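Student: Shown below is the structure under consideration.
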């Protein structure tokens, strides 16, 4: 049997859409009973009787039909101005652009100044309520791609929409080029210190933040920036600017401009009427095994596991057998594939095993109940088309498990036979603390190298393997101009305000190969109002900070990387019914625009 089909597993392309996970409302006032990362995968839907109304973002995702013909003024036209009663509060504006538009950020006079003049145009119809012209701050960053904002189905409730995204693959597109903007309070801007490791630029979106004693407890999502070396001459591009607004002909005067590699954005607490955040996370993986107890490990290297018969076996042995079975069940030739390992604390092992058993039971016919067909059920699960999407991974992450890509395994001899290597990302900064002369000896032995990293798994933990089925993407998911028009969010429609996700790498793709880069003369712009987000070719990093142990001085941190292509994180803000519905409904006026 070949060791794991391929020593180095590769990213799959053309994978199907991800399955949405259910979210429970998250209160922002006071200390919540569970953090958002814990709540995004609950199986119960929000109680419609307790939910108020969605509070819309003053935002939009702008997708031009033709990139060669796109002009700054044509996209700026679709920026919706902040209404006068909120201008003094929403003084932080964020612009995310894709690489095709990165050159627009090199000169503030080309895009940024004009965009801010449009966003705050109501300001110059007279000073704000306190008779002052506020300073305006702007964050501009280049991201890989933008998602397509999608409205709720007509006359659906929020609970129904969450359930729909749980049972239907919601996304499969690889993203589009364009510009996204959102206006937020100044307090939404959070300085973020770049890590000491050589990590490329990123934006941290803080979902939930509160204090526990003297400790600040928060949950965040880190989105890596795009590589812009060929567009701007720098590895990543992100600037933070401050502007003085005044009631003169100049209107905006640049006060400061800073190139930053990391910055934070709070996506909660922007509006006094926002009382709840409903997040949802989808990760399109199917299981290959049940959880197995780890018996020997070091750093990110796993030596042995305990199999179903209670025997200690090499870590790669089960995976070496199951991967060929997976492809055979689907009628596909054995090939290099990607696998992920879910590292499960021992306290969660029983519940994860039970959930996996329930998933297998879904492909069991009624007439077969009571019959032991476990091996056959696995094969039915693997060859189901569309795949039997599930919440195993998202629920486990919400409860404290961690997801790691399997880098290599199998083969070797002696002490290295049957080892599995997991991606240690996010790695610790331990290597930064090492002297340069120590590195050669460390790198010569993978086991010694593993010992320098923060351990990703410990003896007594459990590990469960997953993969991404290599199915074809729905043709309609590769949005063309005509299909975008049908999806455009109308002013009265609700949409998921925040959306972040992962897409396959385009490093080997021909630049400018999409329909947006053709020589079309169309000047049409698809506008997805009340939506904001980005898609990254790298993984999303989810971080949870828990209160430290009693008497401890610092909180504990739990971090996991979600680098599964076509994963999605959504969040929507909801106003409690106790608040004034009129205030929420009138947060932003409807403004019809021709596209």
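Student: Can you confirm whether residue 226 is in the same structural domain as residue 119 (by TED's automatic domain parsing), within 30 Å of residue 468 (Cβ to Cβ), modelled with pLDDT of 65 or more and not in a loop (DSSP other than H, G, I, E, B)?
Tutor: Values: in the same structural domain as residue 119 (by TED's automatic domain parsing): yes; within 30 Å of residue 468 (Cβ to Cβ): yes; modelled with pLDDT of 65 or more: yes; not in a loop (DSSP other than H, G, I, E, B): no.
Spelling it out, it is not the case that residue 226 is in the same structural domain as residue 119 (by TED's automatic domain parsing), within 30 Å of residue 468 (Cβ to Cβ), modelled with pLDDT of 65 or more and not in a loop (DSSP other than H, G, I, E, B).
Student: Is it fair to say residue 202 is under 19 Å from residue 565 (Cβ atoms), touching a strand residue (DSSP E or B) at 6+ places or on another chain (Cβ under 9 Å) and at pLDDT below 80? Explain how you work it out, then say what you get.
Tutor: Values: under 19 Å from residue 565 (Cβ atoms): yes; touching a strand residue (DSSP E or B) at 6+ places or on another chain (Cβ under 9 Å): yes; at pLDDT below 80: no.
Taking the combined requirement at face value, the residue does not satisfy it.
Condition check ((1) within 25 Å of the chain's Cα centre (by Cα); (2) not in a helix (DSSP H, G or I)) across all residues:
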| residue | (1), (2) |
| --- | --- |
| 295 | no, yes |
| 309 | no, yes |
| 319 | no, no |
| 340 | yes, yes |
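Student: I'd like the full set of residues that are part of a strand (DSSP E or B) and over 9 Å from the mean Cα position of the chain (by Cα), limited to region 555-574.
Tutor: Initial filter on region 555-574 (part of a strand (DSSP E or B)): 556-562, 568-574.
If the condition is that a residue be part of a strand (DSSP E or B) and over 9 Å from the mean Cα position of the chain (by Cα), then 556, 557, 558, 559, 560, 561, 571, 572, 573, 574 are the ones that fit.
Student: Any idea which residue in region 349-367 is farthest from the chain's Cα centre (by Cα), counting only those that are exposed (fewer than 13 other Cβ atoms within 10 Å of the Cβ) and part of a helix (DSSP H, G or I)? Quick ask: steps written out before the conclusion?
Tutor: Filtering region 349-367 down to residues exposed (fewer than 13 other Cβ atoms within 10 Å of the Cβ) leaves 350, 354, 357-358, 361-362, 365-367.
Checking the rest, the ones that are also part of a helix (DSSP H, G or I) come to 350, 354, 357-358, 361, 366-367.
Numbers: 350: 28, 354: 27, 357: 28, 358: 27, 361: 30, 366: 38, 367: 41 Å.
Step by step, filter region 349-367, then rank; the result is 367.
Student: For region 509-525, does any single residue satisfy the condition of being at pLDDT below 70, touching a strand residue (DSSP E or B) at 6+ places or on another chain (Cβ under 8 Å) and more than 24 Å from residue 405 (Cβ to Cβ)?
Tutor: no
Student: Related question: Got a sec? Which of 109, 155 is assigned by TED's automatic domain parsing to the domain that holds residue 82 and at pLDDT below 85? Show your work before the answer.
Tutor: Numbers: 109 fails: at pLDDT below 85.
Matching residue, one of 109, 155: 155.
Student: Given the conditions (1) out of contact with any helix residue (DSSP H, G or I) (no Cβ under 8 Å at 6 or more places or on another chain); (2) buried (at least 24 other Cβ atoms within 10 Å of the Cβ); (3) at pLDDT 75 or above, which single one is not true for residue 74?
Tutor: (2)
Student: Scan region 169-196 for residues that are modelled with pLDDT under 90 and in contact with a helix residue (DSSP H, G or I) (Cβ under 6 Å, 6 or more places away or on another chain) and jot them down.
Tutor: If the condition is that a residue be modelled with pLDDT under 90 and in contact with a helix residue (DSSP H, G or I) (Cβ under 6 Å, 6 or more places away or on another chain), then 172, 173, 196 are the ones that fit.
Student: So which residues in region 229-252 are part of a strand (DSSP E or B) and at pLDDT below 95? Quick ask: steps written out before the conclusion?
Tutor: Residues of region 229-252 part of a strand (DSSP E or B): 238-245, 252.
If the condition is that a residue be part of a strand (DSSP E or B) and at pLDDT below 95, then 244, 245, 252 are the ones that fit.
Student: If you go through region 368-413, how many residues are modelled with pLDDT under 85, within 19 Å of residue 323 (Cα to Cα) and assigned to a helix (DSSP H, G or I)?
Tutor: Number of matching residues: 2.
Student: Here's something else I'd like to know. Does residue 294 count as at pLDDT 90 or above and in the same structural domain as residue 82 (by TED's automatic domain parsing)? Steps first, please.
Tutor: Numbers: at pLDDT 90 or above: yes; in the same structural domain as residue 82 (by TED's automatic domain parsing): no.
The answer is no for residue 294.
Student: Test residue 281 against the stated conditions and say whether it is at pLDDT 90 or above, surrounded by 20 or more Cβ atoms within 10 Å (Cβ to Cβ), touching a helix residue (DSSP H, G or I) at 6+ places or on another chain (Cβ under 8 Å) and at negative phi.
Tutor: Working: at pLDDT 90 or above: no; surrounded by 20 or more Cβ atoms within 10 Å (Cβ to Cβ): yes; touching a helix residue (DSSP H, G or I) at 6+ places or on another chain (Cβ under 8 Å): yes; at negative phi: yes.
The answer is no for residue 281.
The values are calculated or read from the model by the stated rules, or taken from the named source; none is laboratory data. Predicted, not measured: the structure shown is a model, and the values here were computed from it. Here Cβ is always computed from backbone atoms with ideal geometry, including for glycine, and neighbour counts include all displayed protein chains.
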